[in-house]
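Shown next, in structure tokens, is the structure this report addresses.
The values are calculated or read from the model by the stated rules, or taken from the named source; none is laboratory data. On a predicted model such as this, the values are computed, not experimentally measured, just so you know. When we count neighbours, we look across all protein chains shown, and the Cβ atoms used for this are built from the backbone with ideal geometry, even at glycine.
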Amino acid sequence: MDKNNKIKIIVNGKLLTVNFKFSLKNLIEQLKTPINKVAIELNKEIVDKKKINKIFLKNKDKIEIVHFIGGG
Amino acid sequence: MKLDILKIANKKFKSRLIVGTGKYKNMQECAKAIKISGAEIVTVAVRRVNISDRSKPLLMDYINPKKIMYLPNTAGCFTSNDALRTLRLAREIGGWKIVKLEVLGDKKNLFPDMIETLKSTEVLTKEGFKVMVYCNDDPLMCKRLENSGASAIMPLAAPIGSGLGIQNKTNIKILRHQTKVPLIIDAGIGQASDAVEAMEMGCDAVLINTAIAKAKKPFQMAEAMKYAVISGRKSFLSGRIMPNFHGSPSTTKKGLI
């Protein structure tokens, strides 16, 4: 956490700066991600999508948000 | 006539053609080709959501997973850990339990790493997954996969995307003889006759992606593959005549003038 109450997180390999006390739900809403079409990993642990409002992000957290694409 | 049903992990399917959703020009083309093919199962891959460009179309907007079964695949995974991670995430997206496992071992020919594949099958089966396994056509490894609880054995006909057709017919025949779960030819089909051949050998289904997606006319090829699979299956079930090196007239001599 820096002086401005901001934390740095990495989402799908990209660095994002968000406010302290930012929940995973806040992130999903900010990214406008359709929650029923994705899976979320926080620091390599799969997250229960029902609990994202209770998960608050910490500095240097790594988040992966994945979905289905065309493939063989 | 009795309905010829394909049963995979207790789910029933009428179509014996499974198609991939990769390599199409766009989602519309992909969705239309799938519809024409009559496939009830499509393979899909798990990848990062594009967080900077949200205008990108989503697969689920074009292919309804309630109407067509998504078969999450581990395409691009080279280790057991990556494959496990991918499929656990896939399950989390929406409760998918029937999955396709593919652990590659060689970047050039895309042959599967069978040691990693076997390890992953064991773990996934214990976690309650129904695993359809892309594998080599080696009967011993295929037996091990089956003994580890694989829900379908899916040997390659030839390298992925090569279109070479069935290269090792002897092994496929041996596999047909020994395999109790569905045996599905996955990878290497190039044209309709390859699909017919696989089905005439008694395979339970075929999985095709590149041969349709990269054909000059994908929709027409999707239709050709649909009928190839139906034709090959019916031919297999019909009890073919024994091949004979002598001719046998089709018309009786009786009444000949």
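Things worth noting here:
- Taking region B:102-122 as the range and being buried (at least 17 other Cβ atoms within 10 Å of the Cβ), of a type in the set (A, V, I, L, M, F, W, C) and in a helix (DSSP H, G or I) as the test, the residues that pass are B:MET114, B:LEU118.
- Scanning region B:21-35 for residues that are within 19 Å of B:TYR227 (Cα to Cα) and touching a Pro at 6+ places or on another chain (Cβ under 9 Å) turns up B:CYS30, B:LYS32, B:ALA33.
- Condition broken by B:LYS214, with the remaining ones in (1) in contact with a helix residue (DSSP H, G or I) (Cβ under 8 Å, 6 or more places away or on another chain); (2) more than 25 Å from B:SER151 (Cβ to Cβ); (3) touching a residue at least 40 places away in the same chain (Cβ under 8 Å) satisfied: (1)
- Only listed residue being surrounded by fewer than 18 Cβ atoms within 10 Å (Cβ to Cβ) and part of a helix (DSSP H, G or I), chosen from A:ASN4, A:ASN53: A:ASN53
- For the criterion of being surrounded by fewer than 24 Cβ atoms within 10 Å (Cβ to Cβ), aromatic (Phe, Trp, Tyr) and either modelled with pLDDT of 95 or more or not in a loop (DSSP other than H, G, I, E, B) (or both), B:TYR134 fails.
- The condition of being of a type in the set (Val, Ile, Thr), more than 7 Å from chain B (Cβ to nearest Cβ), within 26 Å of B:CYS30 (Cβ to Cβ) and touching a helix residue (DSSP H, G or I) at 6+ places or on another chain (Cβ under 7 Å) holds for only one of A:ILE35, A:ILE55, A:ILE28, that being A:ILE35.
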